[in-house]
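> Below you'll find the structure I mean.
The values are calculated or read from the model by the stated rules, or taken from the named source; none is laboratory data. What you see is a predicted model, and the numbers here were worked out from it, not measured in a lab. Positions of Cβ are backbone-derived with ideal geometry, glycine not excepted, and every protein chain shown enters the neighbour counts. These accessible areas exclude ligands, DNA and RNA; they are computed on the full protein's heavy atoms, side chains included. Shrake-Rupley method; radii C 1.70, N 1.55, O 1.52, S 1.80 Å.
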Amino acid sequence: MYATDDPRSTLTPASASPPDHDAAIAAAQYVDLGRLLSPDAATPDGRTAVVRAQNVVLAHTAARAGDDLDNGTPAGELAVVVTDDSPAFTVHLDGEEHLIDEPGLVVVPPGASRLAVHGGGPLVRLFETGEQPWRDRAVNAQAYAVDHPRVAPLRRWPEPVGGRAVRFYPLAGVHDEPGRFGRIFRTRSFMVNFLPPQEGPRDPRKLSPHTHDDFEQLSLAVRGAYVHHIRTPWLNDSTGWRDDEHVTLGSPSLAVIPPPTVHTSAAVDPGVNQLIDIFSPPRADFSAKPGWVLNADDYPAP
């Protein structure tokens, strides 16, 4: 459903057949992260909002200097999304220290780790939903009391080249290129696309409604405001039909968009607007486009 000149128009679905064509279509979820935070809380836990999708848990922390963010002991990698507004922090793992002081994506290998924060601002961590302490904290946990049958389960992609290590992929120096969609990085379990900041509202005559066959999209608004337009296809059972949705969210916020809804998002703030899209597992279609995944040499496709 992309325009024919859109670089995504030649993409194929992530799999030939989704888990269950006949299952009911889940509802989209819209989360105002700012309302979930307690900005005056003394501890970082009180300033952390946790939301989940089928395969990924997102923890958004309004961090302060001196915070010590305990990641627990994940069995899989975790990722830290670092934006222009994020503070500097140090990753502590196995006696090693890694200072992060610019925007990009940090990948932390399995095992006990923590983040020592050196300033104030948002930090976003991504965990697999197999991490029960994080999964159970999600404000929308009940929405996934039963797995969504239209969403393909997470199967980790191959081990990174070079083995276990903290890896940082900075955005500095990554410029927009014609034909490439955003700035995409992947891990074994996640794909993160830093879409470029946009000045002012999106042209309403140039939207890009489309569908996903078997995976959810998490759209994280980090600046500005967006209207998320969602259309649920009609199935044979009319009791499950839904009206079109046009939901406006500021930042920080998260929209969880289920398959196979038709969706597009439009920036509406007169200032700077920016979205970061998150997928789990990594998208096979994006990964198949030469040059789109910027750290593909570290994280091979299956």
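> Just one of Arg188, Arg155, Arg183 is of a type in the set (D, E, K, R), closer than 21 Å to Ala284 by Cα, modelled with pLDDT of 95 or more and exposed (fewer than 12 other Cβ atoms within 10 Å of the Cβ); which is it?
From the options Arg188, Arg155, Arg183, the qualifying one is Arg155.
> I'm trying to understand the selection: among the residues of region 275-302, which are open to solvent by less than 10 Å² (accessible area, probe 1.4 Å) and among the β-branched types (Val, Ile, Thr)?
Within region 275-302, Ile276, Ile278 meet the criteria.
> Another question, then. Does region 197-212 hold any residues that are surrounded by 11 or more Cβ atoms within 10 Å (Cβ to Cβ) and not hydrophobic (A, V, I, L, M, F, W, C), and which are they?
First pass over region 197-212, keeping only residues surrounded by 11 or more Cβ atoms within 10 Å (Cβ to Cβ): 197-202, 207-212.
Scanning region 197-212 gives Pro197, Gln198, Glu199, Gly200, Pro201, Arg202, Ser208, Pro209, His210, Thr211, His212.
> Of everything in region 81-140 that's part of a loop (DSSP other than H, G, I, E, B) and among the acidic types (Asp, Glu), which residue is modelled with the lowest pLDDT? Lay out the reasoning, then the answer.
Here is the first cut: in region 81-140, the residues part of a loop (DSSP other than H, G, I, E, B) are 83-88, 94-95, 101-103, 109-112, 118-120, 129-131, 136-140.
Imposing the further condition that a residue be among the acidic types (Asp, Glu) reduces the set to 84-85, 94, 101-102, 131, 136.
Numbers: Asp84: 97, Asp85: 97, Asp94: 93, Asp101: 98, Glu102: 98, Glu131: 97, Asp136: 96.
So, considering only residues that are part of a loop (DSSP other than H, G, I, E, B) and among the acidic types (Asp, Glu), the one modelled with the lowest pLDDT is Asp94.
> Just to be sure before I move on: is Phe185 under 15 Å from the mean Cα position of the chain (by Cα), farther than 19 Å from Ala296 by Cα and among the aromatic types (Phe, Trp, Tyr) in the structure I sent? So that I can check it myself, show each step before the final result.
Details: under 15 Å from the mean Cα position of the chain (by Cα): yes; farther than 19 Å from Ala296 by Cα: no; among the aromatic types (Phe, Trp, Tyr): yes.
Answer is no for this residue.
> Select from region 213-234 the residues that are open to solvent by less than 40 Å² (accessible area, probe 1.4 Å), at pLDDT 95 or above and more than 26 Å from Pro103 (Cβ to Cβ) and list them in ascending order.
Across region 213-234, the qualifying residues are Ile230, Thr232.
> Scan region 57-80 for residues that are of a type in the set (Asp, Glu) and either modelled with pLDDT under 95 or touching a helix residue (DSSP H, G or I) at 6+ places or on another chain (Cβ under 8 Å) (or both) and jot them down.
Here is the first cut: in region 57-80, the residues of a type in the set (Asp, Glu) are 67-68, 70, 77.
Within region 57-80, Asp67, Asp68 meet the criteria.
> Return only the number of the condition from (1) in contact with a Lys or Arg (Cβ under 8 Å, 6 or more places away or on another chain); (2) touching a residue at least 60 places away in the same chain (Cβ under 8 Å); (3) of a type in the set (A, V, I, L, M) that Ile100 does not satisfy.
Ile100 satisfies all of (1) in contact with a Lys or Arg (Cβ under 8 Å, 6 or more places away or on another chain); (2) touching a residue at least 60 places away in the same chain (Cβ under 8 Å); (3) of a type in the set (A, V, I, L, M) except (1).
> Just for region 64-118: of the residues that are open to solvent by less than 40 Å² (accessible area, probe 1.4 Å) and of a type in the set (D, E, K, R), which one is nearest to Asp277 (Cα to Cα)?
Here the residue is Glu77.
> So, one more: Could you tell me whether Pro133 is surrounded by fewer than 22 Cβ atoms within 10 Å (Cβ to Cβ) and touching a Pro at 6+ places or on another chain (Cβ under 9 Å)?
Working: surrounded by fewer than 22 Cβ atoms within 10 Å (Cβ to Cβ): yes; touching a Pro at 6+ places or on another chain (Cβ under 9 Å): no.
Here the answer is no, as Pro133 does not meet what is asked.
> With the condition kept exactly as written, say whether any residue in region 156-175 is assigned to a loop (DSSP other than H, G, I, E, B), touching a residue at least 60 places away in the same chain (Cβ under 8 Å) and within 21 Å of Gln217 (Cα to Cα).
We begin by selecting, within region 156-175, every residue assigned to a loop (DSSP other than H, G, I, E, B); these are 156-166, 171-175.
Next cut, touching a residue at least 60 places away in the same chain (Cβ under 8 Å) only: 156-158, 160-162, 166, 171-172, 174.
Now narrow it down to the ones that are within 21 Å of Gln217 (Cα to Cα): 156-157.
Checked region 156-175: at least one residue is assigned to a loop (DSSP other than H, G, I, E, B), touching a residue at least 60 places away in the same chain (Cβ under 8 Å) and within 21 Å of Gln217 (Cα to Cα).
> Quick test of your reading of the structure: Gly162 fulfils all but one of (1) touching a helix residue (DSSP H, G or I) at 6+ places or on another chain (Cβ under 8 Å); (2) under 17 Å from Asp298 (Cβ atoms). Name the failing condition by number.
(1)
> If you scan region 141-151, which residues turn out to be assigned to a loop (DSSP other than H, G, I, E, B) and open to solvent by 40 Å² or more (accessible area, probe 1.4 Å)?
Applying the first criterion (assigned to a loop (DSSP other than H, G, I, E, B)) to region 141-151 yields 145-151.
Passing the criteria: Ala145, Val146, Asp147, Pro149.
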